[in-house]
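The values are calculated or read from the model by the stated rules, or taken from the named source; none is laboratory data. Nothing here was measured: the structure is a model prediction, and the numbers come from that model. Quick reminder, even Gly has a Cβ in these numbers, built from the backbone with ideal geometry, and neighbours come from all protein chains shown. In case anyone asks, the SASA skips ligands and DNA or RNA and just uses the protein heavy atoms, side chains included. Shrake-Rupley method; radii C 1.70, N 1.55, O 1.52, S 1.80 Å.
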Amino acid sequence: MDPLSTATIFLLFCLACLVFFVTRHKSSGTEKLPPGPFPLPIIGNLLQLYTLFPSFMELIPGPHHRLPKNFCRLQQFALDEINEHKSTFDPSAPQDVIDFFFIKMKEEGQNDNTEFSFDNLITTVVDLFAAGTETTSTTLRYGLLILMKYPQVQEKMQEEIDRVVGRTRSPCMADRGQMPYTDAIVHEIQRFIALIPMSLPHAVVKDTKFREYIIPKGTTIYPTLSSVLHDSTEFPNPNGFDPHHFLNKDGTFRKSNHFMPFSAGKRLCAGEGMARMELFLFWTTILQNFTLKPLMDPKTLDITPQFSSLGNVPKPYLLCALPR
Ligand code: HEM
């Protein structure tokens, strides 16, 4: 038997076991678990298969082979940045998170239990880079597609930009308070696309009572942000793109506690403030200078995601940026 078939049979066996245990656990009924989309535990466990049996995954062809190689490149990038910072480091004038980490490393000295180790510095840089680039760039790309589909939305944003910012200076964050329509569109794009629909997995640190359910200590939970972002009791047109979701009748900005694309609680996105600044400044600067047009009838543009699993990614598209 060739190695590929062995691996396939092994994977099928693992899947069968997972399905068996999940259904058995569900029907045993000793503990009442909250309802949720059935496949989620299986998805989580499939990802764990890669960690548990890397050599089997190596036998299976597919794009996942690029993962370790790309991760090493990312670590090397972080290392190069850290080394460059070492050569310019001035403790009296720290420039960024790497410089502040150096200061903490020095303060901690010989403490063996410190979190401020060199390994953690590399991991922190990689984490911030990975969490901060793909998220914002995909949101920006998705937003441009939506703006092309709705030319009347673009027009209204451009009117507001021209009135508040004008054409001679760049938009800045102080403008946002006077731009309720643009602010509403930025929120609605993020609500509509629900970029990270299941947030990140969390674990329950102690047995937790939630409504009439007990969630046992150690259970992995996925806080499904999309269920809140697409809640019809708060957003009347939950699956459509509708600027009125964040606008009051008099045109002022309508705040909603259901707006949580960055998650909620203690571990919500560490880069929320930065990401929201980036989205506002990029989109307003682009529309201040360009009108976005598709190569086809805007009505036929498909704004449903290409993939929808851990992230919602837009389908590839062509865009014309016409100078204003
Ligand atoms: C549109 C852009 C972004 C979205 C939608 C987004 C969304 C999220 C979400 C849903 C989480 C999971 C929170 C949780 O575990 O409950 C998260 C975590 C995180 N994000 Fe973002 N993010 C964005 C941009 C950024 C940027 C620009 C940075 C940094 C420069 C960043 C850094 C992080 C970090 C470090 C975490 C982990 C926080 C922790 O576990 O304590 N994110 N983000």
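Values for this structure:
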read-out	value
Flag for LYS156 being within 30 Å of LEU319 (Cβ to Cβ), not in a loop (DSSP other than H, G, I, E, B) and not hydrophobic (A, V, I, L, M, F, W, C)	yes
Qualifying residues in the stretch 135-182 (those that are within 17 Å of PHE259 (Cα to Cα) and open to solvent by 20 Å² or more (accessible area, probe 1.4 Å)) - the one nearest to the ligand (Cβ to nearest atom)	THR135
Hits in the stretch 282-306 - residues which are assigned to a strand (DSSP E or B), of a type outside the set (Val, Ile, Thr), away from the ligand (no atom under 16 Å from the Cβ) and surrounded by 14 or more Cβ atoms within 10 Å (Cβ to Cβ)	PHE290, LEU292, LYS293
Any hit, the stretch 116-131, residues being under 25 Å from GLU234 (Cα atoms) and either open to solvent by less than 40 Å² (accessible area, probe 1.4 Å) or within 15 Å of the ligand (Cβ to nearest atom) (or both)	no
All positions within the stretch 243-281 that are open to solvent by 90 Å² or more (accessible area, probe 1.4 Å) and either in contact with a strand residue (DSSP E or B) (Cβ under 9 Å, 6 or more places away or on another chain) or part of a loop (DSSP other than H, G, I, E, B) (or both)	LYS249, ASP250, LYS255, ASN257, LYS266, ARG267, ALA270
Selected residue (only one of PRO216, PRO201, PRO223 is under 16 Å from the mean Cα position of the chain (by Cα), over 25 Å from ILE303 (Cβ atoms) and at pLDDT below 95)	PRO201
Answer residue from the stretch 218-234, given it is small (Gly, Ala, Ser) and not in a loop (DSSP other than H, G, I, E, B) and is surrounded by the most Cβ atoms within 10 Å (Cβ to Cβ) among those	SER226
Residues located in the stretch 100-115, provided they are assigned to a helix (DSSP H, G or I) and within 16 Å of the ligand (Cβ to nearest atom)	PHE100, PHE101
The one condition in (1) in contact with a strand residue (DSSP E or B) (Cβ under 8 Å, 6 or more places away or on another chain); (2) open to solvent by 50 Å² or more (accessible area, probe 1.4 Å) that ILE215 fails to fulfil	(2)
Close pairs from the stretch 250-266: first under 13 Å from PHE235 (Cβ atoms), partner polar (S, T, N, Q) and away from the ligand (no atom under 14 Å from the Cβ), Cβ under 7 Å, at least 6 apart	ARG254/ASN248
Test: residue in the stretch 193-203 that is assigned to a helix (DSSP H, G or I), touching a residue at least 60 places away in the same chain (Cβ under 8 Å), within 15 Å of the ligand (Cβ to nearest atom) and not small (Gly, Ala, Ser)	yes
Yes/no for PRO238 being assigned to a loop (DSSP other than H, G, I, E, B), open to solvent by less than 80 Å² (accessible area, probe 1.4 Å) and touching a His at 6+ places or on another chain (Cβ under 7 Å)	yes
Residue ID - nearest to SER309 (Cα to Cα), chosen from residues in the stretch 50-63 that are within 23 Å of the chain's Cα centre (by Cα) and at pLDDT below 75	TYR50
